[in-house]
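The values are calculated or read from the model by the stated rules, or taken from the named source; none is laboratory data. Quick caveat, the model's predicted, so the values are computed rather than measured. Here the Cβ positions follow ideal geometry from the backbone for every residue, glycine too, while neighbour counts run over all protein chains shown.
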Amino acid sequence: MKRQEECQSLAAIIRGLYLTATKKSWIVCRDSGEDPDPPVVPREALVVDIAPAEKFLWAAQSAESGEEQKVSSFRFDEEAAKILHEAFTAWEFERAPSGVEAATRTARVRNFPSCIAVKKGGSGETLYWIDRDIDAVGKRMKGRDGTLLEVTSGPWAPKEQDSSPELDASGRSNVVKDRIALVTGGAQGFGEEIVRGLAASGALVFIADLNGDGAEKLSKRINASEKRIAAVPVPVNVSDEASVEALFRTIRETAGGLDLCISNAGVLRAGSVMEQGVDDFKFVTDINYTGYFIIVKHAARLFRQQSLTAPAWMTDIIQINSKSGLEGSNKNGAYAGGKFGGIGLTASFALELIACNIKVNAICPGNFLDGPLWSDPEKGLFVQYLKAGKVPGAKTVADVKAFYEAKVPMKRGCTGTDVMRAIYYIVEQEYETGQALPVTGGQVMVH
């Protein structure tokens, strides 16, 4: 277990402390360490020595097999979480107006450290800065501002994680406010719609896409519109595990953790089973099926680290699947097969990961007829189908579109708004996991 990975896991564990204590989402950022002088620990910082956990870190570093390394790194996380939790609880108890209030969590206004300094044995400290948004935590780190965080608490205070029977559809977007989210394939199509929806709802969104330039341009537009850092671009190839590991390192270093992971990246190369090349089949499967597995693997590890100190904080993994994952697709077996497999993975992951309070669900949208996949004037499926004569009697692109709209009982294609409403529902609904939710206008119904 490398030191960088250790520091990243501690950021997620520290974030879990604040999730549990306040039931609010927080940003935790490890100090950049770029200053030439040793970091100055603020007077109000919580200083924690995790030396007793070091033996597991050493075991992970010296492990010969991958399995031994994983077990040792997990033990390091667990032991470090215990030490941090005990220190955090003692710190709050000592500073509360009444020790009883701290112990029973009934103080109306509670203070928390905005900086936690972690040291190992006699070594120097690594500083972790905490605040409610990425701008604020950046200012704290730059100015070495250790002023305490003041949080209104108590049984009368609003709890972000709690469900509300009064929450109607118009307010459902509040379930992601201040959350940290990841959207793969987020630079265009459904992914872009999801990113924009989450940012407009108050979330911090990591835009992960193979099209790094597109993700960066989109993040700049969103940040300008929202007048805050609402989107962070990260280049990634979801079929390459090293690339995905780098993605999650960036998330840990930038925000400390994650609340919502949306696996949206996908590709389509249609073709008859009698004609399609194995390379095309493998390309689609690597992104749509294997890529989903890799994303969940590393998202689950991050969520697990948080859960060590936030065992009641619910997190979500959502795959953007397809109606083709429910009914198949003519001459499009590679795509449909990968999507069918994705639903199987979703159900299997849900059974395993609920132990860490991770819900895993899939959304199966109908055709995004107004998106670039279908409507691009040069390469879109409407143009391709018109040229190939796939729709009998069609003379224009409009004829082809009308043909596909007529297949939907609601007479229109799926939109980004339709998918966003499904995302809000899944996040809000705490008693649902392992499901494949159709959003198809009635075209595909699950019984």
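Overview of results
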| quantity | calculated |
| --- | --- |
| Among residues of the stretch 310-327, those that are within 19 Å of LYS359 (Cβ to Cβ) and either surrounded by 22 or more Cβ atoms within 10 Å (Cβ to Cβ) or out of contact with any strand residue (DSSP E or B) (no Cβ under 9 Å at 6 or more places or on another chain) (or both), counted | 12 |
| Residues (within 17 Å of ARG304 (Cα to Cα), modelled with pLDDT under 75 and assigned to a helix (DSSP H, G or I)) located in the stretch 1-30 | GLU5, GLU6, CYS7, GLN8 |
| Conditions (1) hydrophobic (A, V, I, L, M, F, W, C); (2) surrounded by fewer than 22 Cβ atoms within 10 Å (Cβ to Cβ); (3) assigned to a helix (DSSP H, G or I); number of the one not met by PHE349 | (2) |
| Complete set of residues in the stretch 68-81 that are more than 24 Å from the chain's Cα centre (by Cα), surrounded by fewer than 16 Cβ atoms within 10 Å (Cβ to Cβ) and either within 17 Å of ALA300 (Cα to Cα) or at pLDDT 90 or above (or both) | VAL71 |
| Qualifying residue in the stretch 424-432 (condition: at pLDDT 90 or above and in contact with a Pro (Cβ under 9 Å, 6 or more places away or on another chain)) | no |
| Cβ pairs under 6 Å, 6+ apart, first in the stretch 320-338 and closer than 21 Å to GLY416 by Cα, second aliphatic (A, V, I, L, M) | ILE320/ILE363; ASN321/ALA362; LYS323/VAL444; SER324/ALA336; GLY325/ILE343; LEU326/VAL444; TYR335/LEU268; TYR335/VAL284 |
| Residue in the stretch 263-282 that is farthest from the chain's Cα centre (by Cα), counting only those that are closer than 22 Å to GLY371 by Cα and surrounded by fewer than 23 Cβ atoms within 10 Å (Cβ to Cβ) | GLY271 |
| Any hit, the stretch 391-400, residues being at positive phi and free of Cβ contacts under 8 Å to residues at least 12 places away in the same chain | yes |
| Checklist (1) over 17 Å from the mean Cα position of the chain (by Cα); (2) buried (at least 24 other Cβ atoms within 10 Å of the Cβ) applied to VAL176, failing item | (1) |
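Yes or no, residue by residue, for (1) in contact with an Asp or Glu (Cβ under 9 Å, 6 or more places away or on another chain); (2) crowded, with 20+ Cβ neighbours inside 10 Å; (3) under 23 Å from ILE14 (Cα atoms); (4) not basic (Lys, Arg):
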| site | (1), (2), (3), (4) |
| --- | --- |
| PHE248 | no, yes, yes, yes |
| CYS261 | yes, yes, yes, yes |
| ILE287 | no, yes, no, yes |
| PHE293 | no, no, no, yes |
| SER329 | no, no, no, yes |
| GLY342 | no, yes, no, yes |
